[in-house]
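Bear in mind that the values in this text are calculations on the coordinates, not laboratory data. Given the structure is predicted, the values throughout are model-derived calculations rather than measurements. When we count neighbours, we look across all protein chains shown, and the Cβ atoms used for this are built from the backbone with ideal geometry, even at glycine.
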Amino acid sequence: MAVDRPAVASSAGVRKSMSANKGRDTKPELALRRAVHALGLRYRVSTRPLAELRRTADLTFTRAKVAVFLDGCFWHGCPEHHTKSATNAAFWAEKVRRNRERDRETDRLLAEAGWSVIRIWEHEAPDDGAARVERAVRGRRAEVAGPRASRSPE
């Protein structure tokens, strides 16, 4: 179902709200980064895990090949918290559907390239998300370089 994108925002309020949306450094992202950093892990922020793939991970652990995406509940269709838009509902439903489809494609392409992908919902507790990231990164380091890898900095 292809829905035409409106040429302009439906109102001045919508335009102001949409232009205020940040692509990085959101409150949930900063909280997750602080929690991951507190665990002693070092990472790259807002980088492409694969240069040829136009997708940006929120946190990237290049040596361990772990890409972390912090997904917003509205934008990625969280099963717990996603709400349907009252205005322009068909457009937003299609937008979220395409986002979810792209997320699955990104996961597949990165996995094919040897990356581990972690997806964390914005409503998850930062410490819980950080613990998942730590397990993945330390586990991948151990796989790649043997027992010494889990102690080395990223």
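Please enumerate the residues belonging to region 105-147 that are assigned to a loop (DSSP other than H, G, I, E, B) and among the aliphatic types (A, V, I, L, M). Walk me through how you get there before you give the answer.
Here is the first cut: in region 105-147, the ones assigned to a loop (DSSP other than H, G, I, E, B) are 113-115, 122-125, 146.
Once the filter is applied, which keeps residues that are assigned to a loop (DSSP other than H, G, I, E, B) and among the aliphatic types (A, V, I, L, M), region 105-147 yields ALA113, ALA125.
If a residue has to be under 21 Å from ARG24 (Cα atoms), surrounded by 13 or more Cβ atoms within 10 Å (Cβ to Cβ) and not acidic (Asp, Glu) to count, how many in region 66-89 make the cut?
First, pick out the residues of region 66-89 that are under 21 Å from ARG24 (Cα atoms): 66-78, 81-82.
Checking which are surrounded by 13 or more Cβ atoms within 10 Å (Cβ to Cβ) leaves us with 66-78, 82.
Narrowing the set further to residues that are not acidic (Asp, Glu) leaves 66-70, 72-78, 82.
Selection size over region 66-89: 13.
Just the residues that are in contact with a Pro (Cβ under 9 Å, 6 or more places away or on another chain) and more than 19 Å from ALA38 (Cβ to Cβ), please, taken from region 110-120. First the steps, then the outcome.
Step one: list which residues in region 110-120 are in contact with a Pro (Cβ under 9 Å, 6 or more places away or on another chain), which gives 110, 113, 115, 117, 120.
Result: LEU110, ALA113, TRP115, VAL117.
Tell me, which strands (runs of 3 or more DSSP E) lie completely within region 24-89 with 2 or more residues that are touching a residue at least 24 places away in the same chain (Cβ under 8 Å)?
On the way: elements: 44-47, 57-61, 66-71.
Passing ranges, in order: 57-61, 66-71.
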